[in-house]
Amino acid sequence: MSALVGAPVDRVDGRLKVTGAAKYSAEVAVPNLAYGVLVLSTVADGRISAVDDAAVRRMPGVVAVMTPANAPRVNASGPQVGYPVLRVLQDDLVHYDRQPVAVVVADTFERATDAAAALRVRYAAVAAPATRIADAPAYKPAQVHGKDADTRKGDAEAALATAAVHVDNVYTTPVEHHNPMEPHATIALWEGDRLTVYDATQGVIGARRKLAAVFGLPTENVRVVSRFIGGGFGSKGSSWPHVTLASMAAKMTNRPVKIVLSRPQMFGSIGHRPQTVQRVALAAGRDGKLTAVVHQTTAHTSVFDEFVEPSGLISTVLYGTPSLLVTHRAVRLNTATPTYMRAPGESSGSFALESAMDELAYALGVDPVELRVRNDTDRDADGLPFSSRSLVQSLRAGAERIGWSRRDPRPRSMRDGNLLVGLGVAAASYPMNRSAASASVQLRADGSVLARSAGVDIGTGAYTVFSQVVADTLGVPVQRVRMELGDSAFPTAPNAGGSALTASAGSALKLAALDVRAKLAVLDGVDPTTLASTNGDTLVAILRKHGSDSVEGRADAKPGDEKKNYAMHSFGAQFAEVRVDPELGTVRLARFVNAFGAGRILNEKTAKSQYLGGAVWGIGMALLEHTRFDERSGRIMNANLGEYLVPVNADVPMVESIIVPEDDPHVNEIGVKGIGEIGIVGAAAAIANAVYHATGRRVRDLPITTEKLLG
Amino acid sequence: MKAFRYAQAHDVASAMATVAADPGALYVAGGTNVIDLMKEYVEQPSLLVDITHLPLRGIDAAPRGVRVGSLALMSDVADHPAVARDFPAVSQALLLSASPQLRNMATIGGNVMQRTRCAYFRDASQPCNKRVPGSGCPAIGGVNRQHAVVGGSDHCICTHPSDLAVALLAVDAIVHVRGRSGERTIPFERFHVLPGATPQRETVLEHGDLITAVELPASAHARNSYYLKVRDRASYEFALVSVAAALDVAGGTVRAARVALGGVAPKPWRSHDAEAALVGRSASASTFADAAHAATRGMRGYGQNDFKIALTQRAVARALAHAGGAA
């Protein structure tokens, strides 16, 4: 734990994954398994009038057809169940396209699929759905992610009216779907009133709590296991209807039931990034110092549940300003409930704020990097000092790496043959999140270590960095550590979400490993300080000396009052270099540079993978991703990876990531801030700003597609 | 997918007899399109007749042209030296198609027979005149960014997805078909048909007909052809607009020209207007600009796809400049 940037240790689970030995949730072998296939609605607002299931029940291998008429009753909503409210066959109402309206269970996946396709569901009272922000009234949510929907400081509108220079524009972002590689999958198994679920989830503890509430069970009767995850990005952060439906079907059929979503079904009830309409107005003096920031967001939620995209929160953190107005409003549309999607709020909000900063830079005639440097601040909007903040260092390091000094600021001034060249920058920020977590670490007399946490490795490298934390704390080689994750029977941990798992469970693992040292000191009758930094072999020798097979350390770690004293965030800067074909309107990335200060980096290699992945996501957000609705029917019309475009290798240029070293003693026991999300935060704005520099066209509506650059 | 029977054919005659005997039968070769559609219940064949073992895989180059067996793989045709040399647009179109994995499976015959990517066609729960004649065309007034700006009808505005077909049109390819009454040849321009009131019909083939080969006749314009594909992402995507331009230029004057368009019509679209604006004129930027403008004659947008008209014009000018050696 001494180095600020940890060794680039290879993934400890890499071999398991590339050889297929890592078993994902859908691959767990369960005897007598039946296969459930969801039937999804084909209207976005209406009522199920009939389900013609008689013929389907007679199809070969069909075990059950579960519909609103015969589905077991469960607690689908309410304070215990919380978010998300589940539309799980408890009534005949349909509120969105691809809502589950039945589950067909059969003895093979193929038979279940065929029977599900044959099931005819009839609808009545089909109404014209609301699918656009403008289609429904906006309301002020009671809260936005635990905070008031509005933040006010001074009189921003008045400052705007009297400013020397101001920009005031509306930015829009579309619905996007997460599309992790691994589809959502659940196997549910009942033994009496005990439920075991193998689930592709980002958090087994949250899933267990949800299932216990839905089925009215004591928490200890539910076990959720999630050993390996093929990406989640927030879409596996909540237990969506298929998890409950698999459990309901298993109960109804008295057999274990597996449900795996198809790719088109992954545009249904597993969340999405909501569409946003954001007004951002910035005012500044001639010196480039901000005098007002206004960031007003309207985002959509579903008609039966509430998720509000917190796009404006980044404006309370990124720059200093004497006056600030941040508001969040929501609109209820006939869509599934939106959810957390990689940097929820920050990524959509940064597109608006950081595009506006670029516009302000041009209005002022100030370099965009310099403008951001001038508006650096040491306190957030609540007046709290930052525990550490490397925005300026990141801007400088990134600018140097991409060669910012060669940039002629005039739009359309740089060319590469017939192509227009653009360089753009955006700042990024993401909060340090942390929750209570526990861990156990067992040192054995053979020198091996077994460490456990309920936390889930969603592909980020948690198995690896946690092994490093334990190995480092005990002074043993990382190969000796066996890290076990993803079982609700293990010590508690929060979701792998909000970039919080490493800070949370990693801190607990460090404390548990220190507890091993403390217990050995007791065993050996020595002062604990004498074992504070001895190596692992010495610790094992103590065990052997006393004839013990093992010693187990346990620890609970939780945040204290530090957030009352400090604002804690990662900061960074992202730079894009684009080539734009001026006639055809196509944009291709030529280079991308990240620079982030995000506390201690446990593993340089897995960290850079997160930053690279964030950039890839940002490229998709900037140029490609857009869930398209037929506004007449409310149906999603590109629910596959052929038409919902994500970047392919050819779209991703050289992505360079600079780690700005940070030693932050305030954030947590291991000094980390979390790195899973900040990589996308500024990417879309950096690219949009580069497109403006290349073309002179300011695209304020994502994604930046050909038609927006023609003409 | 719906359960189906499977038969492996060992000779052309028995393959054709097996398909002809069952109105629900389909040929399958690489399976890269039909299997997808079966998974979506868009195609529900009673019988798949696997023709991958038929001796139709050869690529034969001769001075008068190249004869490509219908079961030749996209990757093999793209890399064939005679194709790359004498029909560059064909090779380029293939290499800009799909992904290497798909090109290693998909065949030339299957490629020209592939079905539209129209989202309404591919969603069996929605109306579509092509899938269910008379049910309507929701793409008109709906999500139609990828749809046709020319050649469509009130019944269908889909686009043909093949890149290869656009290039084949520009090099005057000839389709060899074995049918009930023996072998016949079909000029590529007459192979696909426009939707009109019967969008379910896409080619002139009858049930049971089998494509045996695609012939590429050598020509000066084919040798001087170029394929331009415009799409949102850099790879692995269907065209928004594509252009196959083929020019025979002598002494600075265009002697022969072909301008074929993809992504804009329900079939690979040949612009005779653009060609007329080229032949007999100097191979210059202004001629190409005139031809590009002519290529958009008669085009109309349906909302989301309005931009394709301007994009077509620019893409045609660009492709002609490449084929004419000016770019």
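Quick note: the coordinates plus some simple rules give every number you see, no bench work behind them. This is a predicted model, so every value here is computed, not measured. Here the Cβ is made from the backbone with ideal geometry for all residues, glycine too, and neighbour counts use every protein chain on show.
Relative intensity of region A:388-521 on a log10 scale, I(q)/I(0) at q = 0.10, 0.12 Å⁻¹, equals -0.51, -0.62, per a Debye sum over C-alpha point scatterers of equal strength in the absence of solvent.
For A:ASP651, A:ASP416, A:ASP376, the sequence from fewest to most other C-beta atoms within 10 Å is A:ASP416, A:ASP376, A:ASP651.
For region A:222-373, the equivalent ellipsoid derived from the alpha-carbon gyration tensor has semi-axes of 43, 15, 12 Å in decreasing order. Against the empirical curve 2.2 N^0.38 Å, the C-alpha radius of gyration of region B:176-254 lands at a ratio of 1.47.
Test of understanding: what is the full-extension gain from A:THR534 to A:ASN418, defined as 0.36 nm times their sequence separation minus their Cα-Cα distance? Spell out each step's value before the answer.
On the way: separation 116, 0.36 × 116 = 41.76 nm, distance 6.38 nm.
Going from the current span to full extension adds 35.4 nm.
Taking all Cα pairs closer than 8 Å and separated by 6 or more residues, the relative contact order of chain A comes to 17 percent.
In straight-distance terms, cross-link reach from A:LYS23 covers every one of the aspartates and glutamates whose alpha-carbon lies under 18 Å from its own, apart from those fewer than eight places away in the same chain; here that gives A:ASP13, A:GLU182, A:ASP199, A:ASP457, A:GLU484, A:ASP487.
Relative to the Cα centre, the charge distribution of region B:1-99, modelled as +1 at Lys and Arg Cβ and -1 at Asp and Glu Cβ, gives a dipole magnitude of about 80 debye. Hey, if you put +1 on the Cβ of every Lys and Arg and -1 on every Asp and Glu Cβ in region A:93-237, which of A:HIS95, A:LEU189, A:VAL144 ends up farthest toward the positive end of that dipole? Farthest along the dipole direction, towards plus: A:LEU189. Mean partner shielding of peptide B:229-241, defined as the number of other chain Cβ atoms within 10 Å of each residue Cβ, is 6.
Sum -39500 (n - 2.57) across every DSSP H segment of at least 4 residues in chain B, then divide by the residue count to get the 222 nm mean residue ellipticity, nearest 500.
Rounded to the nearest 500, it is -7000 deg cm²/dmol.
Over region A:435-485, what portion of Cα pair distances is larger than 18 Å, expressed as a whole percent? Looking at region A:435-485, the distances longer than 18 Å represent 24 percent of pairs.
Amide H contacts under 5 Å for A:LEU333: A:THR301, A:SER302, A:VAL303, restricted to partners 5 or more places along the chain or on a different chain, H placed in the peptide plane at 1.01 Å from N. Counting only DSSP beta bridges whose two residues both lie in the protein assembly as shown, roughly 80 percent are antiparallel.
Let me check I have the definition right: for region A:407-470, take the eigenvalues of the Cα gyration tensor, multiply each by 5, take square roots. What are those semi-axes in whole Å, largest first?
Numbers: eigenvalues 504, 50, 17 Å².
Semi-axes from the Cα gyration tensor: 50, 16, 9 Å.
Give the total of Lys-Lys pairs in chain B with Cα-Cα distances below 20 Å; include a pair only if its members are 8 or more places apart or on different chains. For chain B, qualifying lysine pairs total 7.
Packing-based ranking of A:278-287, A:212-221 yields A:278-287, A:212-221, ordered from highest to lowest mean Cβ neighbour count within 10 Å. If R0 equals 25 Å, the separation of the Cβ atoms of A:ARG401 and A:VAL652 corresponds to a calculated FRET efficiency of about 0.90.
Arranged from fewest to most other beta-carbon atoms within 10 Å of their beta carbon, A:TYR463, B:TYR236, B:TYR6, B:TYR227 become B:TYR6, B:TYR236, A:TYR463, B:TYR227. Using +1 at the C-beta of Lys and Arg and -1 at the C-beta of Asp and Glu, which of A:SER467, A:PRO703, A:GLY536 has the Cα lying farthest in the positive direction of the dipole of the protein assembly as shown? The Cα lying farthest towards the positive end belongs to A:PRO703. Only one residue of A:ALA207, A:MET654, A:TYR340 has its Cα farthest out toward the positive end of the dipole of chain A, where Lys and Arg carry +1 and Asp and Glu -1 on Cβ, and that residue is A:ALA207. Isolated cysteines of the protein assembly as shown, defined as having no other cysteine beta carbon under 4.7 Å away, are B:CYS128, B:CYS137, B:CYS156.
The slack between A:ASN565 and A:ASN70, meaning 0.36 nm per residue of separation minus the straight C-alpha distance, is 172.8 nm.
Each 20 Å bin from zero up to the one holding the largest Cα-Cα distance in the protein assembly as shown carries the following percent of pairs: 12, 39, 36, 12, 1, 0. In a DSSP loop and with at most 16 other Cβ atoms within 10 Å, the GluC sites (Glu not before Pro) in region B:199-303 are B:GLU206. FRET efficiency for the B:VAL204 to B:ASP290 pair, using the beta carbon distance and R₀ = 25 Å, is estimated at 0.15. So for region B:62-132, what percent of the C-alpha to C-alpha distances run longer than 19 Å? Of all Cα-Cα distances in region B:62-132, 44 percent exceed 19 Å. For the residues of B:120-133, the average number of beta carbons from a partner chain within 10 Å of their own beta carbon is 2. Let me know the shape class of chain B, please: from the alpha-carbon gyration tensor, a ≥ b ≥ c as square roots of the eigenvalues, rounded when a/c is under 1.5, otherwise prolate if a/b is greater than b/c, or oblate. Verdict is oblate for chain B.
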